[in-house]
RNA sequence: GCACUCGUAGCUCAGCUGGAUAGAGUACUUGACUACGAAUCAAGUGGUCAGAGGUUCGAAUCCUCUCGAGUGCACCA
């Protein structure tokens, strides 16, 4: 393991020395791992729980912590070591934090440390939207999660390949094109074609459902089948229409990715996997690696309670699993990845269990390094969102509403002071911050009930809270520029200052843990708490107006370090950091 | 029926790889702008951690069962 936290490392060395003085030995890794934060910050900066030592020393933890405290050597960095029950609480001098944490933060060095020892080449596949459908707030959760996880892992030092896998083939496409050609009366709009196409899909479903049970139903089915055949054959009027309309949807996706500042290293399309994947499965069947059941070809996984993984329908065409199988082979063999993460809705859990198992049975060792990162879906107060039913909140509506709200509710007061460009930029940054934070702050297995009015409330634990703290720091630094290069950190003795420094020293540990667990929500919590501590410090300690120049400089430097950390943290989540707001 | 996820304050959620007194936000009641930015801060009210057993020196956290909510389970993606 990499012991990247300088304060924890200092504590580890001191404790190791004390243990040795007591005639015993414990590895640095074991000590480092066992360091925790005390429940109350005035008990100390770090605590060491003596539970592991209790076993090898055959004494009670409270006794050991007492002996350890007596054997700790204090110096200018470590100023207090006190036993409290089974814990040994350690307090460090402000200058220890200043030199080991704040200076590296201010130079930027602190954010360049490698946090993981092993960095296997990992593919993160996320954002698998269907073409010919509208993008809605549900897609946003996936996008925010994927983007932040890519950023987190890269920050921690992992080699990441990001990929998207849009669904540009299938019955949803046929339905959309069918309605567009046979029933639609509206002209194609000059702009917003992607959104318009989504409405065609939704209308197609309404009409089809309407005609279910009428003589028209059979006819509709025949027409859809004919369209699908044309698409598969790769020629005909519907194929041409598909090629054209597909671009409209891709355009829409790209505009959203641009807004979100998301880029993909690889774009895979279902249409590219379709025919080759079916051909490969036929080969595998011929080689005796797959079996036939009720006319379909696949793999029976009943013994593992995974059902039957169907790979070819009885009509010989492939399925979603078929394409995922081929795509996985491509990732392993051509892109040479060692780990593969799929960020997909929890409803696909069985699908991925089946696909991973089949890959394993086919002899792909990497299959055991495949991981389905499942998340719960976003629904509306009156139930599940479905582009089929048309009860969705389009992504663009959310963004527009949010930006408008920020402008009228918050930025109106600056309308004579700031340029229109500034207002627009900041509204967009704040809207983005609110949306990203809102999507990320909850654990992935929690459902998100999307209520527009709730989302427009920007107080309390929200993205703008963190952005606001950052903007205020920047404003402070503009108004009171730092004048001295060296800082006397020892002057930062106020409890609020101490807590601030403790918080900053924990940044890399927080990100490393979040990255290890694929948990951006943990960074949300960290940033929120850090921003909150800054607000306390800001209210308790005069900064720019402090008369003692040395204290003022130290506080300004601390504020600058908080700003740099918040900015880095927001960057890891994909949130912009406004210089003013 | 089988499998998976969830159940913590009125509401929305942290805490879950066992460890110190279960925390935030919101709502409600108060207080703080001639001030370095009030999108802020301070104080108060609010808990049978769904329930019952078990493992352990120690359980919101791990195991089993029960109850409740949701999702998935063959030719959709």
Quiz item: Normalised by the number of residues in region A:102-206, what is the relative contact order in percent for Cα pairs under 8 Å and 6+ residues apart?
Solution: 34 percent
Self-check item: Distance in nm between pseudo-label sites at residue A:287 and residue A:422 (7 Å out along the Cβ direction from Cα)
Solution: 6.5 nm
Practice problem: For region A:198-254, would you read off the P(r) tail past 16 Å as a percentage of all alpha carbon pairs? | Solution: 56 percent
Quiz item: Mind listing the Cα extents of region A:369-424 along all three principal axes, in Å, largest one first?
Solution: 52, 36, 16
Practice problem: Could you tell me which of rounded, prolate or oblate describes region A:259-344, using a ≥ b ≥ c as the square roots of the eigenvalues of the alpha-carbon gyration tensor, with rounded for a/c under 1.5 and, failing that, prolate when a/b is larger than b/c and oblate otherwise? | Solution: prolate
Practice problem: Take every Cα-Cα distance within region A:396-435, group them into 5 Å bins from 0 onward, and report for each bin the whole-number percent of pairs it holds. | Solution: 6, 29, 34, 22, 9, 2
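At 4 °C and a viscosity of 1.567 mPa s, what translational diffusion coefficient does Stokes-Einstein give for region A:336-459, taking Rh as the Kirkwood radius over Cα pairs? Give it in µm²/s as a whole number.
Details: Rh = 17.6 Å.
Approximately 73 µm²/s, per Stokes-Einstein.
Sort A:378, A:101 by Cβ crowding within 10 Å, fewest neighbours at the top.
On the way: A:378 22, A:101 25.
The most exposed by this proxy come first: A:378, A:101.
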Exercise. Name all residues of region A:517-533 having a backbone nitrogen under 18 Å from the label point set 7 Å from the Cα of residue A:376 along its Cα→Cβ direction, giving them as ranges.
Key: A:519-522, A:525
Quiz prompt | Percent of beta bridges antiparallel (DSSP, chain A, rounded to nearest 5) | solution = 55 percent
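What is the extension gain from residue A:240 to residue A:36, computed as 0.36 nm multiplied by their sequence separation minus the C-alpha to C-alpha distance, in nm to one decimal? Intermediate results must be reported in sequence, preceding the final value.
Working: separation 204, 0.36 × 204 = 73.44 nm, distance 6.23 nm.
Taking 0.36 nm per residue and subtracting the Cα distance, the gain is 67.2 nm.
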Exercise. Multiply the residue separation of residue A:414 and residue A:401 by 0.36 nm, subtract the distance between their alpha-carbon atoms, and state the gained length in nm to one decimal.
Key: 2.7 nm
Quiz prompt | Compactness of region A:1-160, expressed as Rg and Dmax over alpha-carbon positions, Å | solution = 21.3, 71
Quiz item: In percent, how large is the relative contact order of region A:175-301, given Cα pairs closer than 8 Å and 6 or more residues apart?
Solution: 22 percent
Practice problem: Please give, to one decimal in nm, the separation of the simple spin-label points placed at residue A:488 and residue A:247, each 7 Å out from Cα toward the Cβ. | Solution: 6.9 nm
Quiz item: Where the centre of each part is set by its Cα atoms, how far does region A:439-513 sit from region A:516-535, in angstrom?
Solution: 8 Å
Quiz item: Computed from the mean reciprocal separation of all distinct C-alpha pairs, what Kirkwood hydrodynamic radius does chain A have, in Å?
Solution: 27.3 Å
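How many percent of the alpha carbon pairs in region A:141-231 exceed a separation of 15 Å?
Details: 2845 of 4095 pairs.
Roughly 69 percent, rounded to a whole number.
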Quiz prompt | Rg [Å, one decimal], Dmax [Å, integer] - region A:271-426, C-alpha atoms | solution = 23.1, 75
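Roughly speaking, what % of Cα-Cα pairs in region A:406-536 are separated by over 27 Å, rounded to a whole number? Walk me through the numbers before you get to the answer.
On the way: 2810 of 8515 pairs.
Summing the P(r) of region A:406-536 above 27 Å gives 33 percent of all pairs.
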Practice problem: May I ask you to list the residues of region A:294-313 whose amide nitrogen lies under 12 Å from a point 7 Å from Cα along the Cα→beta-carbon direction of residue A:360? | Solution: A:304-306
Exercise. Please express the shape of region A:85-178 as an equivalent ellipsoid: the semi-axes are the square roots of 5 times the eigenvalues of the C-alpha gyration tensor, given largest first in whole angstrom.
Key: 46, 15, 13
Quiz item: Against the longest principal axis of chain A, how steep is helix A:171-182, in degrees 0 to 90 to the nearest 10, with axes from Cα atoms?
Solution: 50 degrees
Quiz item: Hey, fewest Cβ within 10 Å first, where do A:274, A:324, A:345, A:240 land in order?
Solution: A:240, A:345, A:274, A:324
Quiz prompt | Unit Cα scatterers, Debye sum, region A:1-71: log10 I(q)/I(0) for q = 0.14, 0.16, 0.18, 0.27 Å⁻¹ | solution = -0.40, -0.53, -0.68, -1.41
Quiz item: Quick one: A:392, A:149, fewest Cβ neighbours within 10 Å first, how do they rank?
Solution: A:392, A:149
Quiz item: What is the Å³ per residue value for the convex hull set by the Cα atoms of region A:517-581?
Solution: 92 Å³
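Assuming R0 = 41 Å, what is the FRET efficiency of residue A:209 and residue A:456, from their Cβ-Cβ distance, to the nearest 0.05? Spell out each step's value before the answer.
Numbers: r = 33 Å, r/R0 = 0.81.
Given R0 = 41 Å and the Cβ-Cβ separation, E is 0.80.
Counting alpha carbon pairs within less than 8 Å and at least 6 residues apart, what relative contact order, in whole percent, applies to chain A?
Values: 886 pairs, mean separation 92.1, N = 581.
Dividing the mean separation by the residue count of chain A yields 16 percent.
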Quiz item: Could you give the nm distance between label points at residue A:232 and residue A:529, where each point is 7 Å from its Cα heading toward the beta carbon?
Solution: 5.6 nm
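Only the coordinates and a few stated rules stand behind these numbers; no lab work does. Predicted model, so just to flag it, every value in this text is computed and none were measured. Reconstructed Cβ throughout: ideal geometry from the backbone, glycine too, with neighbour counts over all protein chains shown.
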